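Trainee: Quick one: this structure, given as structure tokens, is what I'll be asking you about.
Derivation of every value follows stated rules applied to the coordinates shown; laboratory data play no part. Quantities reported herein were computed from a predicted structural model and do not represent experimental measurements. Heads up, the Cβs are rebuilt from the backbone with ideal geometry, glycines too, and the neighbour counts pull from every protein chain shown.
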Amino acid sequence: MSSRSFSLRAGALAAALALISSTSVAGTVTVITSFPKELTAAYKAAFEKANPDIRLEILNKSTVAGIAFVRETAAGQRPEVFWASAPDAFEVLKRDNLLVVAPDVDNKAIPAKIGNYPINDPQGFYKGQALAGYGIMYNTRYLKANKLAAPKEWDDLLKREWFGHVAMTAPSRSGTMHLTVETILQGEGWDNGWSKILQMAGNSAQVTERSFGVPDGINNGQFGAGPVIDFFGLAGKYSGFPVDFVYPAMTSIVPANIALVAGAKNTAEAKKFVQFALGQAGQELLLNPKISRLPVLPYSSFGGKIPAGYPDPQAIVKRAKVNFNADLSEDRYSLVHSLFDQTITFRLKELQAATGAIHDAEAKLAGRSHPQAADLIKQARTLAFSPIVSSSLAAQKDFLKLFASNKKEVAISKQITGLEESWNRKARENYAKALELAQQASALIK
Amino acid sequence: MAGTFDAAAATAGPASRWRQGFGSWRSYLVLGAIAAFLLALLLIPIGTVFVVAFRDGDGSFTLGHFGTFFTTGLMRESFGNSLYVATTSVLVASLIAVPLAYITVRFQFRGALLIQTLGVLPLIMPPFVGAVAMQLVFGRSGSMNLLLEDHFGFSIPIMQGLTGVIFVESLHYFPFILMNLIVALRAIDGAMEEAALNLGARGWRLFARIVFPLAMPGYLAGAALVFIKVFDDLGTPLVLGQTNLLAPQAYLRITQVGLEDPLGYVISVIMIAFSILALWLSVRVMKGKDYSTLQKGGAGIARRRLQPAEALIAYAVIVLVLLVVLSPHLGLLVLSFTRIWSYSVLPETWTLANYATVFEDSSGMITNTLLYCGLAAGIDVVIGTAIAYLILRTRIPGRQWLDFAASAAIAVPGIVLAIGYLRMFQGVEIGGVPVTQTWLLIMLAYSVRRLPYALRSCMAALQQINVNLEEAAEMLGASKWRAVRRIVIPLMAGGILAGFVSSFITAAVELSATILLVVKESQAPMSYGIYLYMQSVSGRGAGAALGVLLVLTVAIGTYLSHILVDRANRNLEWKR
């Protein structure tokens, strides 16, 4: 037994040595991406056809694994291109000096901004390659079975009949969800925005760990609706799932990016790929129904190739009520993550219970006059759906600075963890109290 | 009764002399080699990552982060939840595994081998698709609940909350108990049972007082594995949206983009410590007890023929259990033949296209999976057998730590191990090729991550073999090595196989380290292929098809190795 395994081990080494000949040859461009296979396969085929001497090696990794992979690989062996949705991933890579600028790679026809949001990194480290907007995806079959009307605005998902039918992900898990939360916070203001987010979360069956978990569960029929990035919704629809997608008025359109990695082998060839992705041919590939992404190139440059009914990002941005402020979002980035996780993700069970009780009490109250019960419900609502951190505190520079500091320092980590601990406890108490008040109100109404 | 097998215990006389005598240079060499393996491929790599937990902002040593852990309410809550889920899962898994093992070993049974193979399938839950299939069958809008809603107007929220976690974990990991228990039951000396029967023990009493205690090493090995695995499991709670357990808390902190939170690593270190503690406790339980019996092989416990009524009950139990535990796989199979399956009891359109897609672009992945997992499991049983031998048959100081160190791997998140590998092997080359560019690291990561499974099975197998058998061989002139090769290893064969199978199939569904370590699609195993499909909306059917192929590949492998060992056993008997 063991002697056989020893020879197997020797065989493994020999096989590893045999790999020598097959490692990356000059002219191979390795692309790290989190994008689905349909998209990458289309780009690989089209690019290799246009550049027969260059081979494109697509390496699909989750955003976190992708960043770790680039960071832990020695310079000279790194992949050439990083291509993903989450804008924060590119910020991290830039901060760690893992990206290079390429002023010579550009498409002049691409506008500088979409609404208020810069399409390219101002320092030129990464470029917008496609646009994505957030909206509501829903399962039509699920809606019909549960007698729900198709949602149009975020407010629809806060209603009583949607209790337990929504799903969302956490901003700390998904760079794009972070933008959705920020959009709502900026559009509605800190207090009102959190109130809506808390109500939507209270109606949620689950806060999924992966951002793809939401569209996946809606395709399945596991959830009824949820906030989703547009191409997930559209691709599901065009693939034949009984799902649909709608942009609410409160939305923002942001770019998905592409960047050249520093310390890669074939940067010259990689530039050709980025140029291709930004060019006319690369942009047209996005319109494929299975891909369903919005080009960064203005629709006027496509000469009528845009399918009828295809969403127009410029029009959506014009109609959108929010003027997205990227600096504000950046400043309170960690605070929003922390607050969301401590009071929603980790306390979902209690928030759900309180929300359900409030809905029930309100349904009982409907059409009756019972001031005492109404007052109790109002108190319950305030307790359950107010942010633990006040808007004035959230605007203080020192407070925000604490959250942006290095958690590796024990003193700072203790301070942040202590705050988080108190929010978590406070949220739990508030939800318990709200549940109690709502139940009292229900008991009062005969 | 206990005296019968305690008499053989090696506490005095020739046995102890024999043991001391084996503390020779050769054992030290083996110990050194294994220690070096664990150091290089487990402890140092994870050390390079975990160092964050012990470091202050300026790089100086601190235990301050651990202080933070213990003063945080959420952490205490998570710890309690993890403990509760792990303990309850062991109970539920035992309720499934013990009857299944007992019935198939104890009675004359048609297709016992098939049942034992099917019973292993739940371990092969391919990443993502397994969860999707489970949701489609048992979930809120799954077939079961849609049927219940339609016909009876209620549904069972079995996939929700901590109960959901316990349900899925028990279904997923009960085979660890099943496999080890079957091996242990088969290894029981039939004479023990006969003696008990002669003394008047029957039925439940016979089982509870004689048969089950004799199979204890196997049961404990499996139960300890289930406990530690569930305690450290990440995938199931995350899929079910349960965050307030230790493993998800660690993971969510470690994988947050752009933010290094030492608390994540602190939680991991604490989980490792606790897993070792649990293991140490299970070793303590076994201490001072000897479960070995002298006779092996053919004369196992008697196989009774079932009365027709009994047979009906036995088959009913088995079919029911298998139906429940295999329904995710049935769901997977159905999913693989569909394009769209959404909010309906069964899909409405059927297709073979998914298999065409999979064969077209992923056939290389099947070979890769077989190669990596086969090699990894091979390494695991060699090391597992060696460690078991060192611990149970020698008195080298520090031998117990090999077990603890190897088992720590269960609690290490895959992504941490993978980052450690990339960090440690940066710049290392074999014949001019950077090791990080080869599949060697994937294979080694599998072998390290799955070593605990093989190790527990090997330990349990050796515990049941009486040391007198080796002594006898040596007295007849066999060398130490020859005695090990000709007596110990053949007698351990069942346990070694169980270890190989559990390593192999759990490696086949490993994903977290794989995602990070794959550098080329041509080197990717099937688990990565499934991940790739499941990243896209329209890839779900194809992902399921690849998942079915994965299950089939592994199941056929398991079945063949059972047959192989059966045949080897029969040869052994014949020679005797």
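Trainee: Mind computing the radius of gyration and Dmax over the alpha-carbon atoms of segment B:34-131? Å is fine for both.
Mentor: Cα-based Rg and Dmax for segment B:34-131 come out at 22.0, 68 Å.
Trainee: Tell me, Kirkwood radius of chain A from alpha-carbon pair distances, in Å?
Mentor: On the way: mean 1/r = 0.0417 Å⁻¹.
So the Kirkwood estimate lands at 24.0 Å.
Trainee: Shifting gears a bit: So, counting K/R as plus one and D/E as minus one, what does the shell of residues with Cβ under 12 Å around B:A112 add up to?
Mentor: Result for the local shell: +3.
Trainee: Something else: Normalise the Debye intensity by I(0) for chain B, one equal point scatterer per Cα, no solvent, then take log10 at q = 0.05, 0.06, 0.10, 0.11 Å⁻¹ and round to two decimals.
Mentor: Relative scattering, expressed as log10 I(q)/I(0), comes to -0.22, -0.31, -0.89, -1.08.
Trainee: Oh, and also: Spin-label point model (7 Å from Cα, Cβ direction): what's the B:V319 to B:E260 distance in nm?
Mentor: With each label point 7 Å from Cα toward Cβ, the separation is 5.9 nm.
Trainee: For A:L99, list long-range residues whose amide hydrogen, built 1.01 Å from N in the peptide plane, is under 5 Å from its own amide hydrogen.
Mentor: Counting only residues 5 or more places away or on other chains, the set is A:A262.
Trainee: Evaluate peptide B:337-349: per residue, the Cβ atoms of other protein chains within 10 Å of its Cβ; return the mean as an integer.
Mentor: On the way: counts 0, 0, 3, 6, 4, 14, 16, 4, 0, 0, 0, 0, 1.
The per-residue average across the peptide is 4.
Trainee: After finding the eigenvalues of the alpha carbon gyration tensor for segment A:332-446, what semi-axes result from the square roots of 5 times each, listed largest first in whole Å? Present the calculation step by step, with values, prior to reporting the outcome.
Mentor: Details: eigenvalues 247, 34, 18 Å².
For segment A:332-446, the ellipsoid semi-axes come out as 35, 13, 10 Å.
Trainee: Can you classify segment A:94-213 as rounded, prolate or oblate using the Cα gyration tensor, where a ≥ b ≥ c are the square roots of its eigenvalues, rounded means a/c under 1.5, and otherwise it's prolate if a/b beats b/c and oblate if not? Walk me through the numbers on the way to the answer.
Mentor: Working: a/c = 2.38, a/b = 2.23, b/c = 1.07.
Prolate.
Trainee: Next question. Report the net charge of residues surrounding A:L437, where surrounding means a beta-carbon distance below 13 angstrom and charges are Lys +1, Arg +1, Asp -1, Glu -1. Mind showing how you got there, number by number?
Mentor: On the way: positive: A:K378, A:R381, A:K433; negative: A:D360, A:E362, A:D375, A:E429, A:E436.
Neighbourhood net charge equals -2.
Trainee: Let me spell out the model: positive unit charges on the Cβ of Lys and Arg, negative unit charges on the Cβ of Asp and Glu, origin at the Cα centre of chain B. What dipole size does that give, in debye rounded to 20? The partial results should precede the final answer.
Mentor: Numbers: 39 positive and 29 negative charges, 395 e Å.
For chain B, the charge dipole is close to 1900 debye.
Trainee: A follow-up question, please. Where Lys and Arg each count +1 and Asp and Glu each count -1, what net charge lies around A:L383 among other residues with Cβ under 12 Å from its Cβ? Walk me through the intermediate numbers first.
Mentor: On the way: positive: A:K378, A:R381, A:K426, A:R428, A:K433; negative: A:E350, A:E429, A:E436.
Summing Lys and Arg as +1 and Asp and Glu as -1 gives +2.
Trainee: DSSP loop (so not H, G, I, E, B), at most 14 other Cβ within 10 Å: list which trypsin sites (Lys or Arg not before Pro) in segment B:373-466 pass both filters.
Mentor: Numbers: sites: B:R393, B:R395, B:R399, B:R423, B:R449, B:R450, B:R456; in loops: B:R395.
Passing both the DSSP loop test and the Cβ count: B:R395.
Trainee: Placing +1 on the Cβ of each Lys and Arg and -1 on the Cβ of each Asp and Glu in the protein assembly as shown, which of A:L339, A:G356, B:A460 has its Cα farthest towards the positive end of the resulting dipole?
Mentor: B:A460
Trainee: Relative to the Cα centre, what is the charge dipole magnitude of segment A:332-446, using +1 at the beta carbon of each Lys and Arg, -1 at the beta carbon of each Asp and Glu, and rounding to the nearest 20 debye? Before the final figure, lay out the partial values.
Mentor: Values: 17 positive and 11 negative charges, 19 e Å.
Computed about the Cα centre, the dipole is about 100 debye.
Trainee: Among rounded, prolate and oblate, which fits the protein assembly as shown when a ≥ b ≥ c are the square roots of the eigenvalues of its C-alpha gyration tensor, a/c under 1.5 means rounded, and a/b larger than b/c means prolate? Numbers along the way, then the final one.
Mentor: Values: a/c = 1.81, a/b = 1.48, b/c = 1.22.
Since a/c reaches 1.5 and a/b is larger than b/c, the shape of the protein assembly as shown is classed as prolate.
Trainee: How about A:K378: which lysines have a C-alpha closer than 29 Å to its C-alpha, ignoring those fewer than 8 places off in the same chain?
Mentor: A:K147, A:K152, A:K159, A:K196, A:K321, A:K349, A:K364, A:K426, A:K433, A:K446
Trainee: Ok, one more. If you place +1 on the Cβ of every Lys and Arg, -1 on the Cβ of every Asp and Glu, and leave all else neutral, what size is the dipole of chain A about its Cα centre, to the nearest 20 Debye?
Mentor: On the way: 50 positive and 40 negative charges, 138 e Å.
In debye, rounded to 20, chain A gives about 660.
Trainee: Got a sec? Charge dipole of segment A:97-210, +1 on Cβ for Lys and Arg, -1 for Asp and Glu; which of A:T176, A:P111, A:V101 is way out at the positive end?
Mentor: Most positive-ward Cα: A:T176.
Trainee: Let me ask something else. Please name whichever of B:A478, B:G32, B:A507 sits farthest to the positive end of the charge dipole of chain B, dipole taken about the Cα centre and charges placed at Cβ: Lys and Arg +1, Asp and Glu -1.
Mentor: B:A478
Trainee: Search the structure for amide H atoms under 5 Å from the amide H of B:R55, placed 1.01 Å from N in the peptide plane, and list their residues when 5 or more places away or on another chain.
Mentor: Close amide H contacts, sequence-distant or interchain: B:T62.
Trainee: If amide hydrogens are placed 1.01 Å from N in the peptide plane, which non-local residues have theirs closer than 5 Å to the one on A:Q129?
Mentor: Those lying under 5 Å, H to H, from A:Q129 are A:A256, A:N257, A:I258.
Trainee: Right, here's the next one. When the Karplus curve 6.51 cos²θ - 1.76 cosθ + 1.60 is applied with θ = phi - 60°, which whole-Hz ³J(HN,Hα) does each residue of segment A:125-132 get, with x for Gly and Pro?
Mentor: Rounded to whole hertz, the list is 7, 9, 10, x, 10, 8, 10, 9.
Trainee: Sequence neighbours fewer than 8 away in the same chain don't count; with that in mind, list the aspartates and glutamates whose C-alpha is under 18 Å from B:K289.
Mentor: Filter leaves B:D6, B:D189.
Trainee: For the protein assembly as shown, what is the mean residue ellipticity at 222 nm derived from helices alone (per DSSP H run of n ≥ 4: -39500 (n - 2.57); sum divided by total residues; nearest 500 deg cm²/dmol)? Mind showing how you got there, number by number?
Mentor: Numbers: 46 runs with 617 residues, N = 1022.
That calculation yields -19500 deg cm²/dmol at 222 nm.
Trainee: Which of the aspartates and glutamates could a cross-linker bridge to A:K305, judged by Cα under 17 Å and excluding same-chain residues fewer than eight apart?
Mentor: A:E284
Trainee: Continuing with the same structure: Which whole-Hz couplings ³J(HN,Hα) result when phi for each residue of segment B:24-41 is put into the Karplus expression 6.51 cos²θ - 1.76 cosθ + 1.60, θ = phi - 60°, listed in order with x for Gly and Pro?
Mentor: Karplus-based 3J(HN,Hα) across segment B:24-41 equals 7, 4, 5, 5, 5, 4, 4, 4, x, 5, 5, 4, 5, 4, 5, 5, 6, 10 Hz.
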